[in-house]
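Chemist: I'd like to ask you about the structure that follows.
The values are calculated or read from the model by the stated rules, or taken from the named source; none is laboratory data. In this text the structure is predicted, and so the values were computed from the model without any measurement. Cβ placement follows ideal geometry from the backbone for every residue including glycine, while neighbour counts extend to all protein chains displayed.
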Ligand code: TRP
């Protein structure tokens, strides 16, 4: 079998894209499209129905994510950018993978257990089989490199299990085992501005705890200026508190290394003034996110262009997906005449 590197990742079109998504995920996709010939990036619109069923909200969310992908630098000439719902082979593979997904293993997936525990919504079958659909997304192109964050590792493991089980059951080395991939040895964690040690998150109840890619300069600045810090170091070279360490981490993402160095020094000799420190982070954040935000707004209005991008992406994804499914149908015995 040909030995190709196939990169695939996706995002659910629910919630807003925040700086953590951009810095930790989308920037990585952009780098990958430069290094790998076969990249697929898609919008997991079917997945959104597991938690949200608002027909008026969805189109707007999908356009926004698409505009965000493009504004951040994903290039339709270098990667196939498409919608999950444009590829009927995905639900077809999902159906077959469901036949080899065990109820017990699905119930053990941490994200599913959390959903049950917090009891905020009714538990539907789609939520239970979320990892099976995700496995179908990945395996449909026989992808082997999947750039995802730490929170998706369990889902990826399920995709590996299903790939292996399919191969074992139907007697072939048909699917590769998909692996997580990140250019940075360590997965970067962008902390919540609340300083509670949690990650920046789209499901945080307080929108002030995250910088969103569509925040105005003023809003971004205000959020950073109000971020939790502490009362300041009193002894030289003391260890940083969780909130201050989070702010330094944020600064490392947006500011020049010399600037970070300067503030590290000030922290260590206790001359740091958090007001100036935060102002510097806010200024550099605005410089990084501002132009992307403006581009998102511009692209979002250009529905003709967005439609063209996903039409091209669909063509490429369909071709690859159909090729996989021809193999799958043959292997499972769906080839009668
Ligand atoms: N579950 C992913 C998330 O919530 C989104 C997703 C769906 C995905 N299918 C995928 C990511 C396939 C990578 C590969 O972020």
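Chemist: Inspect all residues belonging to the stretch 15-27 and state whether any of them is within 23 Å of residue 166 (Cα to Cα) and either crowded, with 20+ Cβ neighbours inside 10 Å or within 13 Å of the ligand (Cβ to nearest atom) (or both).
Modeler: no
Chemist: Sticking with this structure for a sec: Would you pick out the residues in the stretch 235-260 that are in a helix (DSSP H, G or I) and either farther than 25 Å from residue 28 by Cα or outside the structural domain of residue 224 (by TED's automatic domain parsing) (or both)?
Modeler: Matches in the stretch 235-260: 242, 243, 244.
Chemist: Taking residue 208, is it within 21 Å of residue 97 (Cβ to Cβ), part of a helix (DSSP H, G or I) and away from the ligand (no atom under 16 Å from the Cβ)?
Modeler: Here the answer is no, as residue 208 does not meet what is asked.
Chemist: Could you check residue 203 against (1) assigned to a loop (DSSP other than H, G, I, E, B); (2) within 16 Å of the ligand (Cβ to nearest atom); (3) without any contact (Cβ under 8 Å) to a residue 40 or more places away in the chain and say which number it fails?
Modeler: (3)
Chemist: For residue 57, indicate whether it is away from the ligand (no atom under 12 Å from the Cβ) and crowded, with 21+ Cβ neighbours inside 10 Å. Before the answer, list the steps.
Modeler: On the way: away from the ligand (no atom under 12 Å from the Cβ): yes; crowded, with 21+ Cβ neighbours inside 10 Å: no.
No: the conditions fail for residue 57.
Chemist: Give the residue, chosen from 82, 94, that is more than 12 Å from the ligand (Cβ to nearest atom) and either in a helix (DSSP H, G or I) or within 21 Å of residue 8 (Cβ to Cβ) (or both).
Modeler: 82 is the lone residue from the list that is more than 12 Å from the ligand (Cβ to nearest atom) and either in a helix (DSSP H, G or I) or within 21 Å of residue 8 (Cβ to Cβ) (or both).
Chemist: Look through 276, 263, 305, 336 and report the one residue that is surrounded by fewer than 17 Cβ atoms within 10 Å (Cβ to Cβ) and in contact with a helix residue (DSSP H, G or I) (Cβ under 8 Å, 6 or more places away or on another chain).
Modeler: 305
Chemist: Something else now. Restricting to the stretch 99-110, name every residue that is over 24 Å from residue 14 (Cα atoms) and not in a loop (DSSP other than H, G, I, E, B).
Modeler: Passing the criteria: 103, 104, 105.
Chemist: I'm told residue 121 meets every condition in (1) within 14 Å of the ligand (Cβ to nearest atom); (2) touching a helix residue (DSSP H, G or I) at 6+ places or on another chain (Cβ under 9 Å) except one. Can you identify the failing condition by its number?
Modeler: Tallying (1) within 14 Å of the ligand (Cβ to nearest atom); (2) touching a helix residue (DSSP H, G or I) at 6+ places or on another chain (Cβ under 9 Å), residue 121 fails exactly one: (1).
Chemist: Right, here's the next one. Just to be sure before I move on: is residue 125 under 21 Å from residue 88 (Cα atoms) and free of Cβ contacts under 8 Å to residues at least 12 places away in the same chain in the structure I sent?
Modeler: So residue 125 passes the test.
Chemist: Shifting gears a bit: Tell me, yes or no, whether the stretch 142-164 has at least one residue that is more than 14 Å from the ligand (Cβ to nearest atom), at pLDDT 95 or above and more than 17 Å from the chain's Cα centre (by Cα).
Modeler: Yes: one or more hits.
Chemist: A further question on this structure: Identify the single condition in (1) within 14 Å of the ligand (Cβ to nearest atom); (2) part of a helix (DSSP H, G or I); (3) touching a helix residue (DSSP H, G or I) at 6+ places or on another chain (Cβ under 7 Å) that residue 70 does not satisfy, given that it satisfies every other one.
Modeler: (1)
Chemist: Still on this structure: Criterion first (under 27 Å from the mean Cα position of the chain (by Cα), buried (at least 19 other Cβ atoms within 10 Å of the Cβ), in contact (Cβ under 8 Å) with a residue 12 or more places away in the chain and on the phi > 0 side of the Ramachandran plot) does residue 195 satisfy it?
Modeler: In short, yes.
Chemist: Let me ask you something else. Pick from the stretch 31-54 the residues that are part of a loop (DSSP other than H, G, I, E, B) and within 14 Å of residue 5 (Cα to Cα): which of them is nearest to the ligand (Cβ to nearest atom)?
Modeler: Among them, the one singled out is 36.
Chemist: Quick check on the stretch 165-175: of everything there that is surrounded by 16 or more Cβ atoms within 10 Å (Cβ to Cβ) and free of Cβ contacts under 8 Å to residues at least 40 places away in the same chain, which residue is nearest to the ligand (Cβ to nearest atom)?
Modeler: Looking at the filtered set, the residue picked out is 175.
Chemist: Would you mind finding the one in 133, 127, 106, 97 that is within 26 Å of residue 33 (Cβ to Cβ) and either in contact with a helix residue (DSSP H, G or I) (Cβ under 8 Å, 6 or more places away or on another chain) or modelled with pLDDT under 95 (or both)?
Modeler: Just one listed residue meets the conditions, 133.
Chemist: If you go through the stretch 151-186 one residue at a time, how many are out of contact with any strand residue (DSSP E or B) (no Cβ under 9 Å at 6 or more places or on another chain) and at negative phi? Before the answer, list the steps.
Modeler: To start, the set of residues in the stretch 151-186 that are out of contact with any strand residue (DSSP E or B) (no Cβ under 9 Å at 6 or more places or on another chain) comprises 154-155, 157-158, 161-175, 177, 182-186.
Among the residues that remain, those that are also at negative phi are: 154-155, 157-158, 161-170, 172-175, 177, 182-186.
Final tally of qualifying residues: 24.
Chemist: Next question. Counting only residues that are surrounded by 13 or more Cβ atoms within 10 Å (Cβ to Cβ) and touching a helix residue (DSSP H, G or I) at 6+ places or on another chain (Cβ under 7 Å), how many does the stretch 178-192 have?
Modeler: Total meeting the criteria: 8.
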